[in-house]
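K.L.:
Submitted below is the structure of interest, expressed as structure tokens.
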Amino acid sequence: MNTHWSRWAKAAIGALLVAAPALAQIPLSGSTRELVAVNTDVERYLRVMQVTGLAPAYPWSVRELGPREVDALIPTDTTHPWLARVRPMPHPFTELYWLAPEATVIYNSAFPYGFNDGALWAGRGLTTAFQAGFAGHVGRLSFTVEPMLFRTQNTAFALRPNGQSGRLQYADGANPLTIDQPQRFGDRPYQQLDPGQTTVRLDLPVVALGISTANQHWGPAIDNPIILGNNAAGFPHLFVGTSSPLDLYLFRAYGRVEWGRLDQSSYAVLSGTQSRRFMSGLAGSISPRGLNNLEIGGTRFFHTLWPDSGLTKHDFLRPFEGLLLSSVASQIGNGSGQEPDNQLASVFARWTFPRSGVEIYGEVGREDHNQDLHDLTLEPDHISAYTLGLEKVYRRASGDLLVVRGELINARVSSLNLVRGQGPFYVHSPVVQGHTERGQLLGSPAGYGGAGSVIAVHQYCRDGSWSITWNRAVRSPPLDDTQTFVDVAQSLELVRTRFLRSVDVTSVLTVTKEFNRNLDRDAMNLHIGVFLRPRF
């Protein structure tokens, strides 16, 4: 285990030892149970249930959902196709149960491929992973422990020359000194033991608070979130937020404030105490009265170099500071408002129409503050990104659900660059790790490259599901204005999930043609994955 996780592991073990006498009195269920927090397939399914009206309207654009929230989303309708896998469960006052384990085997033939898979990084060659754990609750206190262990062969492949030597030769090909996104994690097999979706949470009547290393999703995007998704490992964080939507008569409000720690990989330029960052942020949404299926919200996410002198009140209150540098300057007594931090912010909307089985959504994100209101009026799109998405669900006579959806993200450097310098989205200074956690982007990889799009057809049936997805992504931003071509990957993915008597099996086949790979020649990759989830 990496040393920067050892403190968290020791703290978790200590907490379990303290709680052991009480936990020992709770009977361990002989069956397995799945939680939305640890199963993205179930999470996607519940979102589709919302679009069809089989699940109730509930905020979906700010989520690290607790067990009580999951229970509220599970359909009571007995006609939906995954009834045998997603159904209401009894909840006694105290309970301890196993989480369904998952074993993963992935093969990449030519180069690393994979995204939105949490801590896992699938290099060239064979990658194996295993995750398992347990969860439970005592009254309003719930806990989940589900670590992940993975190992990849990390076989050699051609790197994009970045002008660096030593360990930095493996760093990002376009911006090796300003973003922590290695092309390859060294020249040996790479492995990690990650705390995974581990959470301790207390749900009070209005407020929820806790500590977690679980992945979070901020914003309505499915494949290309601008601020937070599950492309990287979840980071350790404390949170305080609403335990359920808060009815303020004119609208229902839902959100959270949090503070956490972000770490870098071994292939970032900074070292020592500068290698860790303090994260602070907030995310929230409202649903106007009478429009429960409409969400309107926003996010703020700050990276700050962890201060050697210790954290101050200002570090914790940073998410509440002004949106403009001029207002920040008056708040902190700094003439310019400039601080050694990096802010990302976004506004979003999501609207579902259950009668039609349609969902539309969009988000606009920004890197850092505008100087003042005049600057914001002139150039609201400076270093910006946006996503747009549309989903349609068809309920078939057999009871199956057919889902057709499309999504795009655009974060390209715009023509504003002619008069005002712009860099790639997710890159900033002096916090030179970029918007990353341990070498992987916290948002969409296509956002860093500049653009991406997805078209998918997905069918849910009683024995599982199948899907066909086309994905286009720009792999890295252009080096300069004179570059006349880009590195673009086109992928076609086939996925089949089968519910068997004692195991769920998911098979994945992805063929990727990457044009101008590393700004050189075209390349092909075959990605094969098998995921096994035993049931007891």
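The values are calculated or read from the model by the stated rules, or taken from the named source; none is laboratory data. Values in this document were obtained by computation on a predicted structure and should not be read as measured data. Cβ atoms come from the backbone with ideal geometry, glycine included; neighbour counts cover every protein chain shown.
K.L.:
Tell me yes or no: at least one residue of segment 142-165 is under 28 Å from residue 423 (Cα atoms) and under 21 Å from the mean Cα position of the chain (by Cα).
P.N.:
no
K.L.:
Can you confirm whether segment 440-447 contains a residue that is under 22 Å from residue 388 (Cα atoms), part of a strand (DSSP E or B) and under 19 Å from the mean Cα position of the chain (by Cα)? I'd like the intermediate steps shown before the answer.
P.N.:
Going through segment 440-447, the residues under 22 Å from residue 388 (Cα atoms) turn out to be 441-447.
Narrowing the set further to residues that are part of a strand (DSSP E or B) leaves 441.
So of that shortlist, the ones also under 19 Å from the mean Cα position of the chain (by Cα) come out as 441.
Within segment 440-447, one or more residues are under 22 Å from residue 388 (Cα atoms), part of a strand (DSSP E or B) and under 19 Å from the mean Cα position of the chain (by Cα).
K.L.:
Let me ask another. Take the residues in segment 66-81 that are touching a Ser or Thr at 6+ places or on another chain (Cβ under 8 Å) and within 17 Å of residue 199 (Cα to Cα), then tell me which one is surrounded by the most Cβ atoms within 10 Å (Cβ to Cβ).
P.N.:
Once the filter is applied, the top-ranked residue is 66.
K.L.:
Please count how many residues of segment 452-509 are in a loop (DSSP other than H, G, I, E, B), in contact (Cβ under 8 Å) with a residue 40 or more places away in the chain and buried (at least 17 other Cβ atoms within 10 Å of the Cβ).
P.N.:
Final tally of qualifying residues: 4.
K.L.:
For residues in segment 114-140 being over 17 Å from residue 531 (Cα atoms) and aliphatic (A, V, I, L, M), which is surrounded by the fewest Cβ atoms within 10 Å (Cβ to Cβ)?
P.N.:
Ranking the candidates gives 138 first.
K.L.:
Still on this structure, I have one more. Looking only at segment 277-307, which residues are over 20 Å from the mean Cα position of the chain (by Cα), buried (at least 19 other Cβ atoms within 10 Å of the Cβ) and free of Cβ contacts under 8 Å to residues at least 40 places away in the same chain?
P.N.:
Within segment 277-307, 286 is the sole residue that qualifies.
K.L.:
Within the set of pairs 6 or more residues apart or between chains, which connect a residue that is closer than 18 Å to residue 460 by Cα inside segment 29-58 to a residue that is in a helix (DSSP H, G or I) and at pLDDT below 50 with Cβ atoms less than 6 Å apart?
P.N.:
Partner pairs satisfying both residue conditions: 42/36; 43/36.
K.L.:
Quick one: which residue in 255, 241, 281, 298 is touching a Pro at 6+ places or on another chain (Cβ under 7 Å), in a strand (DSSP E or B) and either within 30 Å of residue 351 (Cα to Cα) or at pLDDT below 95 (or both)?
P.N.:
Testing whether each residue is touching a Pro at 6+ places or on another chain (Cβ under 7 Å), in a strand (DSSP E or B) and either within 30 Å of residue 351 (Cα to Cα) or at pLDDT below 95 (or both) leaves just 281.
K.L.:
Looking at segment 426-433, can you tell me whether even one residue there is over 30 Å from residue 305 (Cα atoms) and either touching a residue at least 12 places away in the same chain (Cβ under 8 Å) or not polar (S, T, N, Q) (or both)?
P.N.:
Keep residues of segment 426-433 that are over 30 Å from residue 305 (Cα atoms), which gives none.
No: segment 426-433 contains no residue that is over 30 Å from residue 305 (Cα atoms) and either touching a residue at least 12 places away in the same chain (Cβ under 8 Å) or not polar (S, T, N, Q) (or both).
K.L.:
Oh, and also: I need a count of the residues in segment 76-113 that are of a type outside the set (A, V, I, L, M) and modelled with pLDDT of 95 or more.
P.N.:
Here is the first cut: in segment 76-113, the residues of a type outside the set (A, V, I, L, M) are 76-82, 85, 87-88, 90-95, 97-98, 101-102, 104, 107-109, 111-113.
With modelled with pLDDT of 95 or more added as a condition, the list becomes 104, 107-109, 111-113.
Count: 7.
K.L.:
Also: Pick out the one residue from 499, 531 that is in contact with a strand residue (DSSP E or B) (Cβ under 6 Å, 6 or more places away or on another chain), over 28 Å from residue 175 (Cα atoms), of a type in the set (Phe, Trp, Tyr) and at pLDDT 95 or above. Don't jump to the end; show me each part of the working.
P.N.:
Values: 499 fails: at pLDDT 95 or above.
That would be 531, the only listed residue that is in contact with a strand residue (DSSP E or B) (Cβ under 6 Å, 6 or more places away or on another chain), over 28 Å from residue 175 (Cα atoms), of a type in the set (Phe, Trp, Tyr) and at pLDDT 95 or above.
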